[in-house]
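Student: Below are the structure tokens for one structure; questions will follow.
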Amino acid sequence: MHPRVLEVTERLIARSRATRQAYLALIRGAASDGPQRGKLQCANFAHGVAGCGADDKHSLRMMNAANVAIVSSYNDMLSAHQPYERFPEQIKKALREIGSVGQFAGGTPAMCDGVTQGEAGMELSLPSREVIALSTAVALSHNMFDAALMLGICDKIVPGLMMGALRFGHLPMVFVPGGPMVSGISNKQKADVRQRYAEGKASREELLESEMKSYHSPGTCTFYGTANTNQLLMEVMGLHLPGASFVNPNTPLRDALTHEAAQQVTRLTKQSGSFTPIGEIVDERCLVNSIVALHATGGSTNHTLHMPAIAQAAGIQLTWQDMADLSEVVPTLSHVYPNGKADINHFQAAGGMSFLIRELLEAGLLHEDVNTVAGRGLSRYTQEPFLDNGKLVWREGPIESLDENILRPVARAFSPEGGLRVMEGNLGRGVMKVSAVAPEHQVVEAPAVVFQDQQDLADAFKAGLLEKDFVAVMRFQGPRSNGMPELHKMTPFLGVLQDRGFKVALVTDGRMSGASGKIPAAIHVSPEAQVGGALARVLDGDIIRVDGVKGTLELKVDAAEFAAREPAKGLLGNNVGTGRELFAFMRMAFSSAEQGASAFTSALETLN
């Protein structure tokens, strides 16, 4: 093992010892002998099976059958989740074949950030993660289940499912992906049209045609944003079947993987004799593996929020510093848009997960000795699935990349370090995704131009007020202020200005997510402006240095003068309408971005 990976793992174990032990005691106490449904009162049990057919009722009365909860985020608004419409019946059929039962235990909400970008509804996006965690807990609350299957893919959905699932960590669980849509027009074409539209050089009709050709069918969006980062991390964490993440939907191989996931989860139950609950899989080594994979692929910056929150749900205290220290030694092995021109289907074709995991294992950057849903040891994930006369089997994945413009071995990495940088200075602490930013753009020192709304920046661009070097300060966008929406509405304008030769950067207490692109952006800055962070006292013209090479975020203003300034007031009227008023209690409870921007942090610390 690489000494840095061991060092981070060991200190994470030490830091988390008390809370992790409390968590394990909690879930082991819940995993008492025998199916829980056998201990329910007769009336309770009768309610729980009343909707089942006669055969399923009979099976559930026999305690040697497994009852598997299906928790799904299916809806038609998310192309990634639309294929889940077929999954419950596929799963139930697969379970009946082996004498077990599947019950649709509950649905979770799943909003599409792509639809709400730049709209008021985006302010519900991050809070929806907490709602998903809560609805997962409600779905599993009936105490009728021996195992569970989690159906989710996109941005806040998998983290929310994980957070809810880990509070039922005594149950075996498999996460079941749906797969990416087949490739449409190239990501470069899409980005070029967006930028031309921002400059007034493309019509709205051209823009719509481009977007429709990019997002065109059922399946996950094909760029390497939060959704596909979720899938990659679930596989590296051993929560998917090997090679399941990036198989296209509505194909025979996808259906076979769903069928096998249903049957495999029953093999992890107490009845099977190979009891492997999810709370025993997601440990410190598993989480370190996820961060290594995040860095190696230049994954979504949203996971600097999600992984600490997921870790906390398992009694583990993961920090940004842990993530930064790993980033220093983990090489970047893949270039998928926005870090390159390829999409996730190209990544899969070039070697995909089996090649990536083999390379990281051989370099000593991943823990091999971990629990997974496929058995003990991560080496199982160097294999890939295929159909042999209609039967699902696994074979060793490619030992060489088929396209080193997309996926490379450690020996010829794109970069010797990962794609994420912790930024720190007198403006606070934040993160930057440097993997998508050209080296010549990673350091910017320029006067601040302060905004409190994305539309204000767009209006300033259209008025010709931003034809200069500057650092855009977008404040009052943190979790306590307005739920921390993604801020992509302004990225085409900043991209145009950078292309015109101006030095531009972004500093914000908001977030940019997996689509963070070529503009150097210090995001998730904490403390946020709403709670008195330094961003609230920045004025137009203040000199700011954003140094993505050194990881520094510095305001060049006399300290005494700066401290004497009156903080700006927060946003007005942004918390009413589009349902935002319903989430006021949650915004008040959110922790800092570094603690996962979670409403549950303090409660979990107490419970753990």
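The values are calculated or read from the model by the stated rules, or taken from the named source; none is laboratory data. These numbers come from a predicted model, not from an experiment. Ideal geometry is used to build each Cβ from the backbone, glycine not excepted, and the neighbour counts take in all protein chains shown. Please note that ligands, DNA and RNA were not included when accessible areas were found on the heavy atoms of the full protein model with its side chains. Shrake-Rupley method; radii C 1.70, N 1.55, O 1.52, S 1.80 Å.
Student: R0 = 30 Å: FRET efficiency of ASP453 with GLU209, Cβ-based, nearest 0.05?
Tutor: With a Förster radius of 30 Å, E is 0.55.
Student: Ranking request for peptides 189-201, 141-153: highest mean number of other beta-carbon atoms within 10 Å first, then the rest in descending order.
Tutor: 141-153, 189-201
Student: Hey, what do the phi angles of the stretch 128-136 turn into as Karplus ³J(HN,Hα) couplings, whole Hz, using 6.51/-1.76/1.60 and θ = phi - 60°, x for Gly and Pro?
Tutor: 5, 4, 5, 5, 5, 4, 5, 5, 5
Student: Which percent of the accessible heavy-atom area of the chain goes to carbon and sulfur, probe 1.4 angstrom? Walk me through the intermediate numbers first.
Tutor: On the way: 12070 of 22310 Å².
So the carbon and sulfur contribution to the accessible surface is 54 percent.
Student: Please compute the length gained on full extension between ASP33 and ALA560, using 0.36 nm multiplied by the number of residues separating them and subtracting their Cα-Cα distance. Show your work: numbers first, answer last.
Tutor: Values: separation 527, 0.36 × 527 = 189.72 nm, distance 6.42 nm.
That pair, ASP33 and ALA560, stretches by 183.3 nm at full extension.
Student: Ignoring ligands, DNA and RNA, what accessible area per residue does the chain give at 1.4 Å, in Å²?
Tutor: Per-residue accessible area for the chain comes out at 37 Å².
Student: Can you give the net charge of the other residues whose Cβ lies under 11 Å from the Cβ of ARG37, counting K and R as +1 and D and E as -1?
Tutor: +1
Student: Determine the relative contact order of the stretch 356-407: mean sequence separation of Cα pairs under 8 Å and six or more apart, normalised by residue count, in whole percent.
Tutor: 24 percent
Student: Taking 10 °C and 1.306 mPa s as the conditions, I'd like the Stokes-Einstein D for the stretch 505-564 in µm²/s, using the Kirkwood hydrodynamic radius from alpha carbon pairs.
Tutor: Numbers: Rh = 12.6 Å.
D, rounded to a whole number, is 126 µm²/s.
Student: Over the stretch 142-188, what is the mean sequence separation of C-alpha contacts under 8 Å (at least six apart), divided by residue count, expressed as relative contact order in percent?
Tutor: On the way: 30 pairs, mean separation 23.3, N = 47.
The value is 50 percent.
Student: Excluding PRO249 itself, what net charge comes from residues whose Cβ is under 12 Å from its Cβ, given Lys and Arg +1 and Asp and Glu -1?
Tutor: 0
Student: Any lysines with Cα under 18 Å of the LYS270 Cα? List them, leaving off those in the same chain fewer than 8 positions away.
Tutor: Result set, ordered by chain and number: LYS39.
Student: Just add up the charged neighbours of LYS556: K/R +1, D/E -1, any other residue whose Cβ is under 11 Å from the Cβ of LYS556.
Tutor: In short, -3.
Student: With the Cα gyration tensor of the chain in hand, give its eigenvalues times 5 under a square root as the equivalent ellipsoid semi-axes, listed largest first in whole angstrom.
Tutor: Working: eigenvalues 320, 135, 112 Å².
That gives 40, 26, 24 Å for the three semi-axes.
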